[in-house]
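Visitor: Sending over a structure as structure tokens; questions will come in a sec.
The values are calculated or read from the model by the stated rules, or taken from the named source; none is laboratory data. This one's a predicted model, so the numbers in the text were calculated from it and none came from an experiment. All Cβ positions, glycine included, derive from the backbone under ideal geometry; neighbour counts span all protein chains shown.
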Amino acid sequence: MSELRNLFESLGYSEVSTFIQSGNILFTSGVPATPTRLETAISDQFRISIYVVLRTPQELKTVVDRNPFNQVDSSKLHIGFMTEEPSAAVVGMLDTERFQPEEFAVRGSELYLHLPNGMGRTKLPAYLDRQLKVPTTIRTWNTVVKLLELADG
């Protein structure tokens, strides 16, 4: 993670920090950061091709506030951050009952997952990935809340 922090600093970003070993990076920028710029820099530096998903502190707050599953055990809640909002037509065709008791909700470019049996054996995220066809990175609810706390400083 230190090499990733160094890369972001070399791109001119400040207050660069990482949280856990899954690519969560917090930083400040005087100019808007773009996924394309970061994807290219990461590819050039580390020779890997990844999608970068960016959220501002205000956007993270909105994600937390829009949680449709706020009455469930937060250890069973995950958020998928998509690179773009999927089409309403595709979302409307999703089978909402196929994986019960697991539940999901799409809110803009976020995918909320309530997985009462945990992430380990669920087939729901793979189904949603195939149907939505939008690159998505999933984080636990607790990680998202901690990132918001760190971003708010």
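Visitor: Tell me, which helices (runs of 4 or more DSSP H) wholly within the stretch 79-153 include 3 or more residues that are closer than 30 Å to GLU15 by Cα? Walk me through it before giving the result.
Guide: On the way: elements: 88-92, 124-132, 141-152.
It comes to 141-152.
Visitor: Here's another thing I want to ask about it. Residue by residue through the stretch 16-62, note down the ones that are touching a strand residue (DSSP E or B) at 6+ places or on another chain (Cβ under 7 Å), loosely packed, with under 15 Cβ neighbours inside 10 Å and within 13 Å of SER2 (Cα to Cα).
Guide: SER17 - this is the single residue of the stretch 16-62 that is touching a strand residue (DSSP E or B) at 6+ places or on another chain (Cβ under 7 Å), loosely packed, with under 15 Cβ neighbours inside 10 Å and within 13 Å of SER2 (Cα to Cα).
Visitor: May I ask you to list the residues in the stretch 1-35 that are under 16 Å from the mean Cα position of the chain (by Cα), of a type in the set (Val, Ile, Thr) and more than 16 Å from ILE48 (Cβ to Cβ)?
Guide: Across the stretch 1-35, the qualifying residues are THR18, ILE20, THR34.
Visitor: Any chance you could count how many residues in the stretch 84-115 are surrounded by 10 or more Cβ atoms within 10 Å (Cβ to Cβ) and within 20 Å of VAL63 (Cα to Cα)?
Guide: Looking only at that region, the number is 19.
Visitor: Every residue in the stretch 113-135 that is among the basic types (Lys, Arg), within 14 Å of VAL91 (Cα to Cα) and without any contact (Cβ under 8 Å) to a residue 12 or more places away in the chain, please. I'd like the intermediate steps shown before the answer.
Guide: At the first step, the residues of the stretch 113-135 found to be among the basic types (Lys, Arg) are 121, 123, 130, 133.
Going one step further and asking which of them are within 14 Å of VAL91 (Cα to Cα), we end up with 130, 133.
Within the stretch 113-135, ARG130 is the sole residue that qualifies.
Visitor: Continuing with the same structure: Do we have LEU147 as out of contact with any Asp or Glu (no Cβ under 8 Å at 6 or more places or on another chain), buried (at least 16 other Cβ atoms within 10 Å of the Cβ) and of a type in the set (A, V, I, L, M) here?
Guide: Considered against the rule, which asks whether it is out of contact with any Asp or Glu (no Cβ under 8 Å at 6 or more places or on another chain), buried (at least 16 other Cβ atoms within 10 Å of the Cβ) and of a type in the set (A, V, I, L, M), LEU147 comes out as yes.
Visitor: List the pairs whose first member sits in the stretch 16-45 and is among the polar types (S, T, N, Q), whose second member is exposed (fewer than 13 other Cβ atoms within 10 Å of the Cβ), and whose Cβ atoms are under 6 Å apart, counting only residues at least 6 apart or on separate chains?
Guide: THR28/SER14; THR28/GLU15; SER43/SER49
Visitor: Please identify the pairs in which a residue from the stretch 70-87 that is in contact (Cβ under 8 Å) with a residue 12 or more places away in the chain and outside the structural domain of THR140 (by TED's automatic domain parsing) has its Cβ atom under 6 Å from the Cβ atom of a residue that is among the polar types (S, T, N, Q) and not in a loop (DSSP other than H, G, I, E, B), counting only partners at least 6 apart or on another chain.
Guide: none
Visitor: Return the residues of the stretch 51-78 that are among the charged types (D, E, K, R) and part of a helix (DSSP H, G or I); say none if nothing qualifies.
Guide: The initial filter retains those residues of the stretch 51-78 that are among the charged types (D, E, K, R), namely 55, 59, 61, 65-66, 73, 76.
GLU59, LYS61, ASP65, LYS76, listed by residue number.
Visitor: Name every residue in the stretch 114-145 that is charged (D, E, K, R) and either at pLDDT 95 or above or in contact with a Pro (Cβ under 8 Å, 6 or more places away or on another chain) (or both), in order of residue number. Outline the logic, then answer.
Guide: Narrowing the stretch 114-145 to residues charged (D, E, K, R): 121, 123, 129-130, 133, 139.
The answer is LYS123, ASP129, ARG130, LYS133, ARG139.
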